[in-house]
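Engineer: Shown below is the structure under consideration.
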Amino acid sequence: FVKQLYQYLNTYFQVTYGDLPSQSFAFNLSHFCHQYHLPIVKTFKGIQLLEREGIIKITEGSGSISKLVFTCSNEQLFSYYKRNPSKETLLKSILRTYDGIFDTITIINPYNLAKKLNLTVIIVEKTLKECHKDGVIQYIHNQAFSSIQFLQPREDAYTINTIAKHIEKQHKIKTEKYQSMLAYVTNKNSCRQRQISFYFNETIRENCGICDVCISKKKKDKDSVQLLCDIIKQELSTADQLSSSELVQRLQKTENEVLHCIRILLDSHTIILTSQNKYRLYES
C-alpha cells in the first residue's frame, strides 16, 4: 500500500521520474483520497510513515480531516428526520457508509459523501455543521496537512525498497503488540497480573486474587464445592451411612475434594461422624 500511495502522490502532483521538485505542494487529504478511491485513515497513516522515513515533509495548515459521531438516540434521530427532512438523506448515507459511527468518533470523507449524493462539498459541510449545532452529531473539522514537499527524487520502487525492511519490521512489532493485547483480553484462564508480568519478562508465583479471572475462578470453585456438598448429602440420604473412602469411590472425585466438602458439612452441622467412623445426615 505504501508503494502505491507514494506513486499516487507523485502522479497527483505531476512529479516526473527522477525529478526532485524544490517547491512545496498544497495538499487536501480528502480530495486526494476521493480522487484515487483510498481509505482516508489508512492513507493518513501511510503519509505519516513516509514522513518518518524521510521521503516527504508535511507542513500543517489549511488542510483538514473531518471526524463525526452521533450524539443522540435512535428515537431522537428519527424525530430529527421528521423535523428536518432535507438532512435525512445525508445522515442515513453516513450511517450506511461508516460502521460504528453511532458509538465511536470516526474519520469521514465529505468529498465521497458529496459525490455519492450528487451534492457539493460546501453543502455537505454546511449541513453537518447545522446538525452539530442541533446536537444530533459531534462534527470536528481538524487541521491536518496543507502542504507536502518531496525530500528524495522520484524513483518509485527503488525509493520504497530502501525503507521496505524497516516498514516490515515496524509492521511486525505492531502485529506482535496487537496479538499480545488480544491474548491478554481473551485469556480467561491466567491471572491478569501474572500475564502482565510475563509480558515484561517478570515472574509472579501467586495469583493476585482480585482480577476478573481470579474472581471468576473463585466463584467457579465455590459453585463446584457447593455442588459436591449437595451430591454428598444426596448420597447420604439414600445410603444412610458412608465412609469417606466410600464417598470417593461412589462420586469418582479425589480424596481431597471429598474431605474438603465433608469438613464444610461437619462445620455447618449438616452431617455427623458416627461411632463406626462413617458419616450420616444430622437429624435434629
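Engineer: Being within 14 Å of S66 (Cα to Cα) and without any contact (Cβ under 8 Å) to a residue 24 or more places away in the chain is the filter here, so list the residues in the stretch 99-120 that pass it. Spell out how you get there, then give the answer.
Structural biologist: As a first pass, look at the stretch 99-120 and keep what is within 14 Å of S66 (Cα to Cα): 101, 104-114.
Across the stretch 99-120, the qualifying residues are L113, A114.
Engineer: Sort through S146, S243 and tell me the only one that's under 21 Å from I264 (Cα atoms) and in contact with a strand residue (DSSP E or B) (Cβ under 8 Å, 6 or more places away or on another chain). Outline the logic, then answer.
Structural biologist: Values: S146 fails: under 21 Å from I264 (Cα atoms).
Only one candidate qualifies: S243.
Engineer: Given the conditions (1) of a type in the set (S, T, Y); (2) crowded, with 17+ Cβ neighbours inside 10 Å; (3) at pLDDT below 85, report the number of the one that Y80 does not fulfil.
Structural biologist: Every listed condition holds for Y80 apart from (3).
Engineer: Mind counting the residues in the stretch 191-235 that are in a helix (DSSP H, G or I), among the basic types (K, R) and under 25 Å from H260 (Cα atoms)?
Structural biologist: So the first thing to find is which residues in the stretch 191-235 are in a helix (DSSP H, G or I), and the list is 192-199, 212-235.
Within this subset, residues satisfying the condition of being among the basic types (K, R) are 192, 194, 217-220, 222, 233.
With the extra rule that they be under 25 Å from H260 (Cα atoms), the set shrinks to 217-220, 222, 233.
Qualifying residue count for the region: 6.
Engineer: Now a separate question. Among (1) in contact (Cβ under 8 Å) with a residue 40 or more places away in the chain; (2) surrounded by fewer than 19 Cβ atoms within 10 Å (Cβ to Cβ); (3) farther than 30 Å from V15 by Cα; (4) among the hydroxyl-bearing types (S, T, Y), where does S146 come up short?
Structural biologist: The failed condition is (3).
Engineer: Is there a residue in the stretch 26-40 that is surrounded by fewer than 19 Cβ atoms within 10 Å (Cβ to Cβ), touching a strand residue (DSSP E or B) at 6+ places or on another chain (Cβ under 8 Å), at pLDDT below 85 and among the hydroxyl-bearing types (S, T, Y)?
Structural biologist: Taking every residue of the stretch 26-40 in turn, none turns out to be surrounded by fewer than 19 Cβ atoms within 10 Å (Cβ to Cβ), touching a strand residue (DSSP E or B) at 6+ places or on another chain (Cβ under 8 Å), at pLDDT below 85 and among the hydroxyl-bearing types (S, T, Y).
Engineer: To continue, here is another question. Which ones in the stretch 164-180 are of a type in the set (K, R), farther than 15 Å from G46 by Cα and under 22 Å from the mean Cα position of the chain (by Cα)?
Structural biologist: Listed by number, the residues that qualify are K172, K177.
Engineer: Which of the residues belonging to the stretch 1-33 are out of contact with any helix residue (DSSP H, G or I) (no Cβ under 9 Å at 6 or more places or on another chain) and aliphatic (A, V, I, L, M)?
Structural biologist: Listed by number, the residues that qualify are L20, A26.
Engineer: Here's a follow-up. In the stretch 104-124, is there at least one residue being farther than 20 Å from C33 by Cα and either within 20 Å of the chain's Cα centre (by Cα) or outside any helix (DSSP H, G or I) (or both)? Talk me through it step by step, then tell me what you get.
Structural biologist: Looking only at the stretch 104-124, we keep the residues that are farther than 20 Å from C33 by Cα, and these are 104.
Then drop every residue that is not either within 20 Å of the chain's Cα centre (by Cα) or outside any helix (DSSP H, G or I) (or both), which leaves 104.
Scanning the stretch 104-124 turns up at least one residue that is farther than 20 Å from C33 by Cα and either within 20 Å of the chain's Cα centre (by Cα) or outside any helix (DSSP H, G or I) (or both).
Engineer: Then there is this: Which residue, of I94, I123, I105, is out of contact with any helix residue (DSSP H, G or I) (no Cβ under 9 Å at 6 or more places or on another chain) and of a type in the set (V, I, T)?
Structural biologist: Numbers: I94 fails: out of contact with any helix residue (DSSP H, G or I) (no Cβ under 9 Å at 6 or more places or on another chain); I123 fails: out of contact with any helix residue (DSSP H, G or I) (no Cβ under 9 Å at 6 or more places or on another chain).
Testing whether each residue is out of contact with any helix residue (DSSP H, G or I) (no Cβ under 9 Å at 6 or more places or on another chain) and of a type in the set (V, I, T) leaves just I105.
Engineer: Do you know which of the residues in the stretch 1-50 that are without any contact (Cβ under 8 Å) to a residue 24 or more places away in the chain, assigned to a loop (DSSP other than H, G, I, E, B) and closer than 22 Å to K116 by Cα is farthest from the chain's Cα centre (by Cα)?
Structural biologist: In the first step, residues of the stretch 1-50 are kept if they are without any contact (Cβ under 8 Å) to a residue 24 or more places away in the chain; the result is 4, 11, 14, 22, 35, 37, 39, 45, 48.
Keeping just the survivors that are assigned to a loop (DSSP other than H, G, I, E, B) gives 14, 22, 37, 39.
Cutting the leftovers down to closer than 22 Å to K116 by Cα gives us 37, 39.
Details: H37: 26, P39: 19 Å.
Going through the qualifying residues, I end up with H37.
Engineer: A further question on this structure: Quick one: which residue in F44, F13 is within 15 Å of I108 (Cβ to Cβ), modelled with pLDDT of 80 or more and of a type in the set (A, V, I, L, M, F, W, C)? Please lay out each step first, then the result.
Structural biologist: On the way: F13 fails: within 15 Å of I108 (Cβ to Cβ).
Sole residue among the options that is within 15 Å of I108 (Cβ to Cβ), modelled with pLDDT of 80 or more and of a type in the set (A, V, I, L, M, F, W, C): F44.
Engineer: Hey, does the stretch 35-42 have a residue that's under 22 Å from I148 (Cα atoms) and in contact with a Leu (Cβ under 6 Å, 6 or more places away or on another chain)?
Structural biologist: Going residue by residue through the stretch 35-42, those that are under 22 Å from I148 (Cα atoms) are 35-42.
Next cut, in contact with a Leu (Cβ under 6 Å, 6 or more places away or on another chain) only: none.
No: zero hits.
Engineer: Determine whether the stretch 254-264 contains at least one residue that is surrounded by 13 or more Cβ atoms within 10 Å (Cβ to Cβ), part of a loop (DSSP other than H, G, I, E, B) and of a type outside the set (V, I, T).
Structural biologist: Scanning the stretch 254-264, I find no residue that is surrounded by 13 or more Cβ atoms within 10 Å (Cβ to Cβ), part of a loop (DSSP other than H, G, I, E, B) and of a type outside the set (V, I, T), so the answer is no.
For every residue, the table says whether it meets (1) modelled with pLDDT of 85 or more; (2) under 26 Å from N189 (Cα atoms).
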| site | (1), (2) |
| --- | --- |
| G209 | no, yes |
| S216 | no, yes |
| K219 | no, yes |
| K222 | no, yes |
| Q226 | yes, yes |
| K233 | yes, no |
| S245 | yes, no |
| N256 | yes, yes |
| H260 | yes, yes |
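Engineer: Also, quick follow-up: What is the number of the single condition among (1) in a helix (DSSP H, G or I); (2) surrounded by 15 or more Cβ atoms within 10 Å (Cβ to Cβ) that Q249 does not meet?
Structural biologist: Checking Q249 against (1) in a helix (DSSP H, G or I); (2) surrounded by 15 or more Cβ atoms within 10 Å (Cβ to Cβ), the one that fails is (2).
Engineer: Another question, then. Could you list all residues from the stretch 193-209 that are surrounded by 11 or more Cβ atoms within 10 Å (Cβ to Cβ) and hydrophobic (A, V, I, L, M, F, W, C)? Talk me through it step by step, then tell me what you get.
Structural biologist: Residues of the stretch 193-209 surrounded by 11 or more Cβ atoms within 10 Å (Cβ to Cβ): 193-199, 204, 207-209.
Once the filter is applied, which keeps residues that are surrounded by 11 or more Cβ atoms within 10 Å (Cβ to Cβ) and hydrophobic (A, V, I, L, M, F, W, C), the stretch 193-209 yields I196, F198, I204, C208.
The values are calculated or read from the model by the stated rules, or taken from the named source; none is laboratory data. If you're wondering where the values come from, they're calculated on a predicted model, not measured in any experiment. Please note: Cβ atoms are built from the backbone with ideal geometry, for glycine as well, and neighbour counts cover all protein chains shown.
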